[in-house]
1. About the Cα centre of the chain, what is the dipole size in debye to 20, counting +1 per Lys and Arg Cβ and -1 per Asp and Glu Cβ, all else neutral?
2. Too long at a 31 Å Cα-Cα cut-off: which of K49/K158; K158/K434; K2/K331; K322/K434?
3. Using alpha carbon centroids, what distance separates the stretch 485-503 and the stretch 217-234, in Å?
4. Please state, as a whole number in µm²/s, the translational diffusion coefficient that the Stokes-Einstein equation yields for the stretch 240-349 at 20 °C and 1.002 mPa s, with Rh defined as the Kirkwood radius across alpha carbon pairs.
5. Which angle from 0 to 90°, rounded to the nearest 10, does the C-alpha axis of helix 390-408 make with the longest principal axis of the chain?
6. Tell me, how many Å apart are the Cα centres for the stretch 110-180 and for the stretch 285-304?
7. On C-alpha positions alone, give me the angle between the axis of helix 431-445 and the longest principal axis of the chain, in degrees, nearest 10.
8. Express in % the proportion of alpha carbon pairs of the stretch 88-192 at distances exceeding 21 Å.
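Derivation of every value follows stated rules applied to the coordinates shown; laboratory data play no part. Because the structure is a prediction, the values reported are computed rather than measured. Virtual Cβ from ideal backbone geometry, glycine too; neighbours counted across all protein chains shown.
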Amino acid sequence: MKRYLYSGETDGLKRVKCDVLVVGSGIAGLYSALHIDKKYKVMIVTKTKVDGSNSWLAQGGIASVIAPDDFFDSHIEDTLVAGAGLCDRKAVEVLVDEGPENIRELIADNVPFDHNPEGDLEITREGGHSHRRIVHAGGDATGRETTKRLGEIALTKKNIEVKFETYMVDILTDSRGVCGALINDGEYKIVECGNIILATGGIGHLYLSTTNPAGAIGDGICSAVRAGAEVFGMELVQFHPTTLAIGSKENSERAFLISEAVRGEGGILRNQRGEAFMQGKHPRADLAPRDIVTRAILSEMKKEKLDNVWLDVSSMDEEFFKHRFPTIYQKCHDEGIDVPRQFIPIRPSQHYQMGGIKTDLDAKTNVEGLFAAGECAWTGIHGANRLASNSMLECLVFGRRAANYINSHFRKGSEPVSAGRDDSGEVCREIDKKQLEVREIVSEYANAVRTKEGLAEGKRLIDNLYNSAEKLKLTTQKDYDYYNMLSTAKMILDGANERKVSIGAHYIED
């Protein structure tokens with residue numbers, strides 16, 4: 001793997017300084033930035049706007065033990081069961097124990113959570129949960145409302161500078177650890193800092209059908225690996241069972257999510273004969289863990305030679321559905337689906353990356369001064385299969401933990417040394433075509449149901465492209481994206497080939 005993507009000399013580049021660099025503007029990035037002591041200068045860099053993150057798109061809600069009839073032990077056990085034996089129990093205990101105080105903090109920050117007519121928080125249930133413990137905002141727009149509010153607060157803080165449409169190219173290190181980063185906000189610049197929090201989201205755009213935005217290619221994970229960070233579980237890719245089945249299965253547009261909360265409120269999966277096919281497949285039927293539901297849907301589709309199955313929401317009256325799921329209601333009606341009277345056509349799509357940059361309980365990596373939080377991190381919470389709505393909670397708990405550790409162990413960075421870069425190599429050509437080829441290979445061979453032969457073939461194809469890319473000269477953001485996509489694809493397929501047996505979302509069909 002190339003140590004740096006940047007080709008050329010760093011001498012003469014403009015230099016800026018901060019105390020903490022946060023990469024990413026989703027919930028993990030914003031929440032961590034807001035918890036850095038105000039005496040420290042924080043810079044947030046993000047490739048897009050606030051509304052371009054995975055967090056913004058999250059529908060379901062945030063899982064936490066809030067209801068009086070719920071218990072910490074129950075949330076812990078549900079998470080461990082879903083994780084299929086790969087969870088770090090201590091990390092799960094931290095997540096669950098610190099969940100309620102972070103929800104209370106969001107309430108104090110005026111995140112507009114939904115309330116019932118009596119004024120109490122509305123709490124719902126999703127797949128894999130034994131109790132109602134999901135708080136939500138805007139019906140099915142929890143990610144949007146939470147990210148929007150945190151972004152509004154961040155923009156008022158004098159110690160926080162937010163740089164939109166800014167690409168983090170490389171993490172710079174010396175013998176002590178992190179010393180800065182190379183960014184491009186229209187021109188290349190060196191950021192001098194001793195603390196970096198990566199909150200760069202997932203890898204979904206490596207798949208042809210994904211709920212993720214186009215920027216989710218694992219570039220933050222790759223930058224960490226090039227800087228010496230360890231990763232774990234990159235083969236553990238979660239597919240959401242229910243995304244709206246409109247158009248081709250390989251539509252280049254982002255798949256529209258039908259939240260698991262719809263099944264939590266009584267939605268039932270049915271095949272073309274109207275049979276509730278999850279009955280008997282799992283004790284929780286339609287609310288089984290996501291990997292089980294996904295494979296059951298794919299099995300029905302294969303058996304019937306169809307591109308989708310259906311979600312029956314007729315148990316809900318129209319006013320309830322419209323109030324509880326306004327985004328889904330409007331999208332369905334825009335597509336000519338008369339919910340809740342008509343069934344919603346659905347199929348699985350890639351949704352979440354459970355593996356990532358390996359961290360401890362304070363979000364620290366093995367590289368001094370480098371932290372990771374949210375979807376790009378492996379904390380050990382999700383194991384082999386993420387429990388619904390634990391992801392935003394993870395962003396809160398470990399984003400805050402990263403900030404608290406930096407506050408109490410502040411690390412002053414050294415000045416990044418000037419370094420020559422390898423300026424040789426062939427220029428990248430037909431980048432759009434190359435990126436599509438990577439997505440086609442990953443979608444074909446590292447999907448929700450895998451085979452040993454397919455994984456071996458996928459690895460061979462990606463290795464060939466990767467070895468060729470090592471000789472390329474990278475000069476544009478599209479070039480960087482292509483190399484990062486290949487690097488991420490290689491990590492996924494290498495991990496999948498090394499993991500010989502099925503576990504959770506990594507399912508090998510004999």
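1. With only Lys, Arg, Asp and Glu charged at Cβ, the dipole is about 860 debye.
2. The answer is K158/K434; K2/K331; K322/K434.
3. That distance is 13 Å.
4. 154 µm²/s
5. 30 degrees
6. 30 Å
7. Between helix and principal axis, roughly 50 degrees.
8. Distances greater than 21 Å cover 59 percent of the Cα pairs.
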